[in-house]
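Reviewing the structure listed below.
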Amino acid sequence: MSEQAAPQKKNIVRRLYDWVLHWAETPYGTPALATLSFAESSFFPVPPDVLLIALNMGKPKKSFYFALVCSVASVLGGMFGYFIGMALWQGLSGFFFSYIPGFTPEIFAKVQTMYNEYGFAAVLIAGFTPIPYKVFTIASGVFGMNFPLFVLASIISRSARFFIVSTLIYLFGEPIKKFIDKYFNLLASAFVVLLILGFVAIKYLF
């Protein structure tokens with residue numbers, strides 16, 4: 001029974017991925033990008049990078065505009081995720097753990113450990129890690145992180161992520177798209193390592 005459930009969930013995510021991608025071929029690509037970026041910060045399983053890259057490839061001159069739309073909507077969605085964690089988590093935790101791909105008790109516990117170790121930096125790092133950003137936004141509300149600091153960390157991390165992607169597409173086009181598609185998680189992890197080292201350096205040098 002469980003062996004059949006896993007592929008089924010995977011197929012659902014794949015269909016959602018294809019559905020997201022098709023918006024790049026419609027006149028509603030930008031509103032779809034904003035909606036996706038907002039939703040992905042709290043409950044939707046497909047990251048906005050998928051549609052962001054497709055839109056950038058179609059209209060390279062608007063790459064930075066798309067990155068801005070993606071960043072603003074993602075931060076607003078993060079605020080919504082924070083509200084879910086702060087006010088609704090007790091009633092919705094079972095739903096998220098059961099039906100939202102990538103949202104598991106194990107990952108949630110890992111995020112809690114990151115909060116205990118890094119605090120503000122955990123959300124800053126969250127914008128780049130392969131761990132779904134929605135886990136961090138909701139966890140921020142659950143654990144009572146300072147809201148202005150949460151917003152600041154979200155603005156920095158999400159903007160950096162989306163503008164880096166858009167800049168690479170703008171400068172290098174199709175070759176870099178294939179590279180990002182193939183190595184995105186590896187690149188994200190490398191950036192996180194550098195970010196953590198930077199915080200460690202600040203802590204001990206200043």
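Any read-out appearing in this document is the output of simple, stated calculations on the displayed coordinates, not a laboratory observation. Not measured: the values here are computed from a predicted model. Virtual Cβ from ideal backbone geometry, glycine too; neighbours counted across all protein chains shown.
The radius of gyration of the Cα set in segment 18-139, together with its Dmax, comes out at 15.0, 45 angstrom. For segment 137-157, the residues whose amide N sits under 15 Å from a probe point set 7 Å from the Cα of N116 along the beta carbon direction are 143.
Please report the relative contact order for segment 66-172, taking Cα pairs under 8 Å with a sequence separation of at least 6, and give it as a percent rounded to a whole number.
Working: 104 pairs, mean separation 46.9, N = 107.
About 44 percent, as a whole number.
Remind me, what semi-axes does segment 76-134 give for its equivalent ellipsoid, largest first in whole Å, using sqrt of 5 times each Cα gyration tensor eigenvalue? Let's see the in-between values first.
On the way: eigenvalues 68, 37, 26 Å².
That gives 18, 14, 11 Å for the three semi-axes.
For Y118, Y82, Y99, the sequence from fewest to most other C-beta atoms within 10 Å is Y99, Y118, Y82.
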